[in-house]
Amino acid sequence: MSTRLRAYIFRHRRAYLTGFVLSIISTGVALVNPWVLRQAVDSIRAGAPPRALLLLAAAYVGVALLGGFIRFRWRMRMLGAGRRIEYEIRNDYFAHLQRLHQGFFHHTRTGDLMARGINDLNAVSRLVGAGIMHSFNTVVMFLAASALMMTIDPPLAAVVLIILPLVSLVFVALGRRIHKQYERVQEQFSTISARAQENFSGIRVVKAFAQETAQIETFSAINREYVRRSLRLARTAGALWPAMTFILGLAAAAVLWQGGLAVVAGRITLGQLVQFFGYLMMLSWPMIALGWTTTLFQQAFASMSRLEEIFNTKPAIASPEAAGDERLRGAIEFRNVSLSYNGTPVIRDVTLAIPAGSTVAIVGPTGSGKSTLASLIPRIVDVTAGEVLVDGRDVRAYSLAALRGSIGMVPQEPFLFSDTLEENLAWGAWAGDGHRVREAAEIAQLARDVAEFPLGYQTMVGERGVTLSGGQKQRATIARALARDPAILILDDALSSVDTRTEEEILQGLRRFAATRTSILISHRISTVRHADLIVVLDEGRIVERGTHESLLAAGGLYADLYQKQLLQEALEADESLPS
Amino acid sequence: MSIGFQEDEVLGKAYDARLMRRLLTYVRPYRAQVVLSVVLLVLTSAAGLAGPYLVRIAIDEHIAPKRLDGLGLVILAYAGALVAAFLLRYAQSYVMQWVGQQAMYRLRMDLFSHLQRLSVAFYTRQPVGRLITRVTNDIDALNEMITQGVVAVFGDLFTLVLIVGIMLYMDWRLALATMVVLPTIIGFTARFRVQARESYRAVRVRLARINAFLNEHIMGMGIVQLFSREAREFERFDALNRDHLTANMASLRSFAIFHPMVGAMSAVAVAVIIGYGGIQATAGAISVGLVVAFIQYAQRFFEPIEDLAEKYNILQAAMASSERIFRVLDEPVEVQDWPDPVRADRVRGEIEFRDVWFAYEPTSPGADGQTGGGPRGVEGGSASARAEDWVLRGVSFRIQPGESVALVGHTGAGKSSIINLITRFYDPQRGQVLVDGTDVRYWEQRDLRRHIGLVLQDVFLFSGTIEDNIRLGTAHITDDQVRRAAEFVNASSFIERLPGGFRAVVQERGATLSVGQKQLIAFARAIAHNPEVLLVLDEATSSVDTETEILIQDALRRVMRGRTSIIIAHRLSTIQHVDRILVIHKGRIVEEGTHRDLLGRGGIYTKLYQLQYRDQELRPVARTGVAPSGAAGPGAGDLGAGEGEGGGDG
């Protein structure tokens, strides 16, 4: 058991300890009723008065009620502890994910993280709840019942104690085979899934090459194999419960036979034989549970180690210790900054000073490193070499909250959460900045759209809300960044889905807004960047040109080339002289 | 275990007669097996319940009167019943599994075959993940219902009836006395069932919420961190998690009460037997063995009742799944074959468009550009306005057999739509598309497509070997033809260098192959199928190394020879070599001619040429050294100039 899991359990030691005590008491009480039955049978044989039998009947109900009550407390206590631990692990899991750096999320699939958070957590939850509860109870029940049986008649007890453990053995033995065959079934299930995915994703190729029939045939073959494996599993798994019942029945038959002989021989009374039957019945579930928990423990430990893999991942980007919480002015400087991913250089020796309050635009072809350069400022990634400074201090010297708290960033992919528009816009705003949200929506040219929504700012957006157009999403993410009242504003290609006229309106609003802030505009559109104080042209991770719109045009380099192309493109788009 | 995090997936009816009837059509062919299974189940119950009766005989006739002869026989009968119960139960469960698997196989194949007939448009509307869930998890949920649901419920009911019957037979007065608790227990179970269902549902709904939240926040973690929302989001997560815990505890409580309550109720029944039965027995009216047997039956009486309550969830999940499956099965086939279609062994390869107007189906207002292509991704016009939706506006042209034509146009001009219409992935709203003078709608789709080789820009590789990917499922293409096709398009040299050569297994959809190599495989695939018409979508893709680029250009020229070819050209070398260029602009053909003619005209083509092709003269091959597209990192995905068009139209 891992240290982490032990720590969770240890935190709830009181619940577990009382649970164990209740388990012992509950077992003790449960063992009384077979004795009551014995008394009843022997009383009948002895021709006892009706009062004695009625008393025994009342005792039987009384014991059952008491036992039921203790069982209830016991289950609540132990299973409840399990659920609480599940709750704690889930919270810790989410909190830990929040601390991990972006790079981690780039190379780990969401589905994988979800599977750990759902299936693996579920397995661990079963262990800390039902698993621990049943395994402890089995031990107590087995010891107590065998001790009692021994006091009645050792040879008869020996017969039972030899046969019963077979239940656990069969469970473990069959269980192992079932597990293997189940994995083979699951493997084939994945094959079906992968085949289906391939077919659906490549449906154009399938249709273009008239492969439908061939695809159906292949799929059918895979499915037949799935049926074959499933039925093979059914042949093993189908034997499990019948086998359990069979062995338990065998024990009963042995008791009836040997016990019958003992009664005839006068070694025990008929009542004691009945009592024996009672213990036998009480032991059947713990015996099954023993086998069940063995498998459960194996699965849960495997699951816990998968969860630990995540817990043991250290965040690559974290706040330094003893960092202040000041608000920044927004002077940015890149000093000989280089960055590589797995040895591939993305940024090469960039040096660039951006005075507080100025507007800088970054342009360049696809893959030239524009976004990466900007993402160094809020420490989405850290440099490989060199330094990024804000207000003269290395970004790594600030607390992440202080650094990011001064930055409003609009990433390329507009991502909104499933919540109201209002909540989404106020996402990064400081509390009580309601008017700022409206103002931001005005500047981002979103307010007009909102006015047309029946629910206005209370409209639900995101995955389960209304679908916004690409442009609306972008404008919402711009408003979200502006509402934060940031010292540094970064727009990463944030106007690509917005038409030119709206773009112009947003840029005008931004110019007023940006007058007192440092702004970084990343774009491939000249119209977005032409008014910037400084334009930087990036190519293959290097700054190849820098200057104002006019000076760069005059230089006739990459920027001028880009400008020419944009003019052509606009000409094509605006070309309405064609017959219509 | 499936990962479901949609709330609506956990709410639904547990029984729907209409769905059930439809589901039963899949079980109907196996009626005989189902009947057999029911018979086996009845016998299993009977064999299982023989035990207490035999105990009674053993006690009354042998143990109590101390008569040993014959006890061995009773024990033997007891053991025999055990063996019989074991075999019967095993056989029953296997027969039902068998039925379930067969029905599931049929349903899955029906679903998959139907999906093969649905149009490309359907696939652009449906996320692939959702369709996969339909053919996998949803169908398995139905299997569970068949194997554990319906028949098992029947078995439980039968066991109940049988116990009552035996008890009445043994002593009807004691039986009736024992059953005084029955109304209470049935009432209690019914109430518990409602409560358990509600609390179980509450737990599922809350878990779904947590998982949806988790999923969304893992995807949007960048935004959470950028906006320093960690503490706030943790609070929200904690609230959801706590809510789930509360629901979980409530559910736990109702189960923790239920089981001891049923136990207590069964204790009352046993007490009645001890009291009433015991007094009768001391009076000599009934035997001790009968009392013991009654106690054993009473203890078994409650197992099926507890069991019944738990079958509900299986049924509910199955209903929800079947509803989703049938919705896909009911999806109409949009592009249908003509009842009496034209078929041909060879075609000449003449292609004609006659005043074709085409729009991808209107998307819902406000939808972003993921479903359609081209201009709708960008704002600037409401998507619902029909006039804005036309991708092709009265396009007419004729291509002679063997002629090679390049389609040239700005992003979103409608080039790929022309290809989508020739292959009949879509049907035009107005006008006609003809192959060899026959409207493509009169062709059988599969026959039509057999004559067309399509090379897509984004080369799709299936799992399997290189050879499999060239041949696809077309069995009559020999190994030799595969190799000759690869040779012809310059692909064999790199394929032979792979470990295993043509038998090399394609890893992860070809992640280990370069973009250029994948393109060569796509050419080989098209050529191996020896089509009369070749359609190539060759728009700008990421960098291809110099050596491969030369091979591709050469291969392109060779595959076009002797075939009607329509190329959406990215390479300057291609447009320089085709017989004719059609310039598409805003859904119309605005210019046509050879490269030289068109350049001389100084129209749209000239602008396009300067925008898209001129650079290739300066830099004849694509630049190398750009960061590989797979490089993880925020900078890897930014869009450059003029590459706004997503994966082609539709």
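Would you tally the net charge around B:Ala285, using a Cβ to Cβ cut-off of less than 12 Å, leaving B:Ala285 out, and scoring K and R as +1, D and E as -1? It would help to have the intermediate numbers written out before the result.
Details: positive: B:Arg173; negative: B:Asp171.
It works out to a net charge of 0.
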Quiz item: Near A:Asn312, within a Cβ-to-Cβ distance under 13 Å, what is the net charge of the other residues, with Lys and Arg +1 and Asp and Glu -1?
Solution: +2
Exercise. Return the percentage of antiparallel bridges among DSSP beta bridges fully within the stretch B:400-618, rounded to the nearest 5 %.
Key: 30 percent
Self-check item: Helix-only CD estimate at 222 nm, as mean residue ellipticity for chain B, using -39500 (n - 2.57) per DSSP H run (n ≥ 4)
Solution: -18000 deg cm²/dmol
Exercise. Divide, for chain A, the radius of gyration over alpha carbons by 2.2 N^0.38 Å, where N is the residue count.
Key: 1.47
Quiz item: What does the average come to when, for each residue of peptide B:232-243, you count the partner chain Cβ atoms lying within 10 Å of its Cβ?
Solution: 3
Quiz item: What percent does the relative contact order of the stretch B:400-618 come to when contacts are Cα pairs within less than 8 Å and at least six residues apart?
Solution: 31 percent
Practice problem: For a label point 7 Å from the Cα of B:Ser514 along Cα→C-beta, name the residues of the stretch B:560-586 whose backbone N is under 20 Å from it. | Solution: B:570-574
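Based on the mean of other Cβ atoms within 10 Å per residue, sort peptides B:412-419, B:266-273, B:149-156 so the most packed one is first.
B:412-419, B:266-273, B:149-156
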Quiz item: Peptide A:364-375: average number of partner chain Cβ atoms within 10 Å per residue?
Solution: 6
Quiz prompt | Prolate/oblate/rounded label for the stretch A:332-574 (Cα gyration tensor, a/c 1.5) | solution = oblate
Practice problem: Highest first, please rank the peptides B:222-231, B:288-297 by the mean number of other Cβ atoms sitting within 10 Å of their residues. | Solution: B:288-297, B:222-231
Quiz item: Too long at a 32 Å Cα-Cα cut-off: which of A:Lys207/B:Lys607; A:Lys314/B:Lys518; A:Lys565/B:Lys518; A:Lys370/B:Lys607; A:Lys473/B:Lys586?
Solution: A:Lys207/B:Lys607; A:Lys314/B:Lys518
Quiz item: Taking a ≥ b ≥ c as the square roots of the eigenvalues of the Cα gyration tensor of the stretch A:451-580, is the shape rounded (a/c under 1.5), prolate (a/b larger than b/c) or oblate?
Solution: oblate
Quiz item: Going by average Cβ neighbours within 10 Å, how do the peptides B:522-534, A:379-391, A:249-261 rank, with the highest at the top?
Solution: B:522-534, A:249-261, A:379-391
Self-check item: Cα long-axis angle, helix A:165-201 against chain A (0 to 90 degrees, to the nearest 10)
Solution: 30 degrees
Practice problem: Return the calculated 222 nm mean residue ellipticity for chain A, to the nearest 500 deg cm²/dmol, obtained by summing -39500 (n - 2.57) across DSSP H runs with n ≥ 4 and dividing by the residue count. | Solution: -20500 deg cm²/dmol
Self-check item: Shielding by other protein chains, A:495-506, mean Cβ within 10 Å
Solution: 2
Quiz item: What FRET efficiency would be calculated for the residue pair B:Asp307, A:Asp382, taking the C-beta separation as r and a Förster radius of 51 Å, to the nearest 0.05?
Solution: 0.30
Quiz item: Once all Cα-Cα distances of chain B are split into 20 Å bins that start at 0, what whole-number percent is in each one?
Solution: 14, 34, 26, 16, 8, 1, 0
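Only the coordinates and a few stated rules stand behind these numbers; no lab work does. No experiment lies behind these values; they were computed from the predicted model shown. Glycine also receives a Cβ, built like all others from the backbone with ideal geometry; neighbour counts cover every protein chain displayed.
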